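Single-structure report; data block below.
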Amino acid sequence: MIKRIPKFFRNYYFITSAAFLVWMLFFDSNDFVTQFQMKRELSRLEAEKQYYLDRIEEVQKDRKELMSNPELLEKFAREKYLMKRPNEDVFIVVPKKN
């Protein structure tokens with residue numbers, strides 16, 4: 001029965017190399033599946049990083065614009081933080097949801 005297997009596949013070095021390759025591809029802590037998952041996670045995190053960098057740039061631009069224009073700053077403070085002047089009443093109108 002062993003004689004039917006080609007001599008090349010019975011070679012000790014081939015068997016050792018095949019076992020090593022199988023171990024590295026499927027059983028090692030840095031196997032192929034783990035590397036694929038880590039690569040996918042890295043690309044997701046890089047996209048998220050780019051999103052936050054864009055948001056930071058947008059917020060800095062808005063902040064610069066707000067600090068240079070007192071009227072805009074007052075409007076922002078009134079809308080966002082419900083600030084008011086003395087002797088002034090603020091009414092908040094909330095639309096009804098269906």
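Run through every distinct alpha carbon pair of the chain and return the Kirkwood hydrodynamic radius in angstroms, one decimal place.
The Cα-based Kirkwood calculation yields 20.9 Å.
Measure nothing but the geometry: give the 0 to 90° angle between the long axis through the Cα atoms of 32-68 and the longest principal axis through the Cα atoms of the chain, rounded to 10°.
Tilt of helix 32-68: around 20 degrees.
Can you give me the C-alpha center-to-center distance between region 60-98 and region 12-36, rounded to a whole angstrom?
Region 60-98 and region 12-36 have Cα centres spaced 62 Å from each other.
Pop a pseudo-label 7 angstrom from the Cα along the beta-carbon direction at both Met67 and Leu82 and give the gap in nm to one decimal.
A separation of 2.8 nm, rounded to one decimal place.
Rounded to the nearest 500 deg cm²/dmol, what is the calculated helix-only ellipticity per residue at 222 nm for the chain, with -39500 (n - 2.57) per DSSP H run of length n ≥ 4?
On the way: 4 runs with 64 residues, N = 98.
Mean residue ellipticity, 222 nm, calculated: -21500 deg cm²/dmol.
Taking the 0 to 90 degree range and rounding to the nearest ten, how far is the long axis of helix 70-81 tilted relative to the main principal axis of the chain, both from C-alpha atoms?
70
Computed from the coordinates by the stated procedures, all read-outs in this text should not be read as laboratory data. This is a predicted model, so every value here is computed, not measured. Backbone-built Cβ (ideal geometry, glycine too); neighbour counts: all protein chains shown.
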